[in-house]
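Q: Sending over a structure as structure tokens; questions will come in a sec.
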Amino acid sequence: MTIKDMVDILHARVLCGEERLDTPVYTACCSDLMSDVLAFVNEKTVLITGLANPHVLRTADMLDLKCLVYVRSKVPNDEIIEQADEQGLAVIATRETAFTACGLLYSAGLRGVPIEWPESEEAT
Amino acid sequence: MSSVLIHADYPVEAEDYTRGGEASADIKRKLKQLGVSANVLRRVSVASYEVEMNLVIHSDGGVLTLEVSPEAVWLISADRGPGIPDVEMAMREGWSTASETARSQGFGAGMGLPNMKRNADDFDITSKVGEGTTIRMGFRLA
Ligand SMILES: Nc1ncnc2c1ncn2[C@@H]1O[C@H](COP(=O)(O)OP(=O)(O)OP(=O)(O)O)[C@@H](O)[C@H]1O
Ligand SMILES: [Mg+2]
């Protein structure tokens, strides 16, 4: 699917990156914990979050993420949206909760980012 | 000794959540300009951001240093304290003493240090309570 499809599925509002809505997306992750995102994400993916602070953008920058989806009507301030736009991100916001947003996107074919577990963890 | 392509020092202030992460963004920009591969770039960026935010969240302030030679990228974080009483415990996934402020900013999962170790080819941490913590991470370029 594309970011535009996510906008339709989630009845979302586009906060920036209108011109990037054709970007294809295959996987997503959902978290408010940035170091979890930094630990487990290793591809250019979509981040579904309720955390509206500059560290979400910094995390997105470090990982080259392409789209942020804000849930439960959390919306970052204008400064953050401007910065996101400069970084080349698309940012959309939905009224759905994280659980429902993830469920809707999963049903439509989006999948979780593949996770590489460190060998030491396999048995636990 | 091999020649040094880049040497940059970034002072990082304690509790500065606004600027925390700027050093890592600059480091990423510099390495990208050098043409470092996407894989190394991502691993350095993640480790750098984690170690920089640890300086903001847990330390009394310190310096993050970037060193690039034709063979490797080095990140060195050295702080003024307070030091880590039990390094082995701190290295465990999920172990965190992060403040409420840090948690509200999206940190405190206790994933930073193990994540740095996993991303770096070379990882070394030394810490002394009352003195400070030094972390050296190497990333092979060849
Ligand atoms: N520079 C430092 N100075 C003092 N203590 C530190 C420092 N870096 C890490 N620590 C200690 O080690 C613990 C684990 O660090 P780690 O980065 O793994 O997790 P965290 O920072 O608490 O959470 P996260 O990184 O997931 O946001 C910290 O909670 C803190 O107690
Ligand atoms: Mg940390």
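Q: Determine, yes or no, whether A:Leu15 is buried (at least 20 other Cβ atoms within 10 Å of the Cβ) and farther than 22 Å from B:Gly20 by Cβ.
A: yes
Q: Hey, another quick one. Can you find a residue in the range B:125-142 that is more than 12 Å from ligand 2 (Cβ to nearest atom), without any contact (Cβ under 8 Å) to a residue 24 or more places away in the chain and outside any strand (DSSP E or B)?
A: No: the range B:125-142 contains no residue that is more than 12 Å from ligand 2 (Cβ to nearest atom), without any contact (Cβ under 8 Å) to a residue 24 or more places away in the chain and outside any strand (DSSP E or B).
Q: Okay, next question. In the range B:79-93, is there at least one residue being outside any loop (DSSP other than H, G, I, E, B) and more than 21 Å from A:Ala39 (Cβ to Cβ)?
A: yes
Q: Continuing with this model, one more query. On the given criteria, is A:Leu33 under 30 Å from B:Met91 (Cα atoms) and buried (at least 22 other Cβ atoms within 10 Å of the Cβ)?
A: No: the conditions fail for A:Leu33.
Q: Examine the range B:40-56 for a residue that is open to solvent by 10 Å² or more (accessible area, probe 1.4 Å), in contact (Cβ under 8 Å) with a residue 24 or more places away in the chain, within 15 Å of ligand 1 (Cβ to nearest atom) and polar (S, T, N, Q), and state whether such a residue exists.
A: yes
Q: Take the residues of the range B:98-107 that are within 9 Å of chain A (Cβ to nearest Cβ) and touching a residue at least 40 places away in the same chain (Cβ under 8 Å): which is nearest to ligand 1 (Cβ to nearest atom)?
A: Among residues in the range B:98-107 that are within 9 Å of chain A (Cβ to nearest Cβ) and touching a residue at least 40 places away in the same chain (Cβ under 8 Å), the one nearest to ligand 1 (Cβ to nearest atom) is B:Phe107.
Q: OK, next. For A:Asp61, which of the numbered conditions (1) more than 10 Å from every other protein chain (Cβ to nearest Cβ); (2) of a type outside the set (S, T, N, Q); (3) open to solvent by 10 Å² or more (accessible area, probe 1.4 Å); (4) not in a loop (DSSP other than H, G, I, E, B) fails to hold?
A: (1)
Q: Might you let me know whether the range A:11-26 holds any residue that is within 27 Å of B:Val44 (Cβ to Cβ), within 16 Å of ligand 2 (Cβ to nearest atom) and assigned to a helix (DSSP H, G or I)?
A: no
Q: Could you count how many residues in the range B:93-142 are touching a helix residue (DSSP H, G or I) at 6+ places or on another chain (Cβ under 7 Å), open to solvent by less than 40 Å² (accessible area, probe 1.4 Å) and over 13 Å from B:Val46 (Cβ atoms)?
A: Counting residues in the range B:93-142 that are touching a helix residue (DSSP H, G or I) at 6+ places or on another chain (Cβ under 7 Å), open to solvent by less than 40 Å² (accessible area, probe 1.4 Å) and over 13 Å from B:Val46 (Cβ atoms) gives 9.
Q: Every residue in the range A:34-83 that is of a type in the set (Ser, Thr, Tyr) and within 16 Å of ligand 2 (Cβ to nearest atom), please.
A: A:Ser35, A:Thr59
The values are calculated or read from the model by the stated rules, or taken from the named source; none is laboratory data. What you see is a predicted model; the values in this text were computed from it and never measured. Cβ atoms come from the backbone with ideal geometry, glycine included; neighbour counts cover every protein chain shown. Heads up: the accessible areas ignore ligands, DNA and RNA and are worked out on the full protein's heavy atoms, side chains in. Shrake-Rupley method; radii C 1.70, N 1.55, O 1.52, S 1.80 Å.
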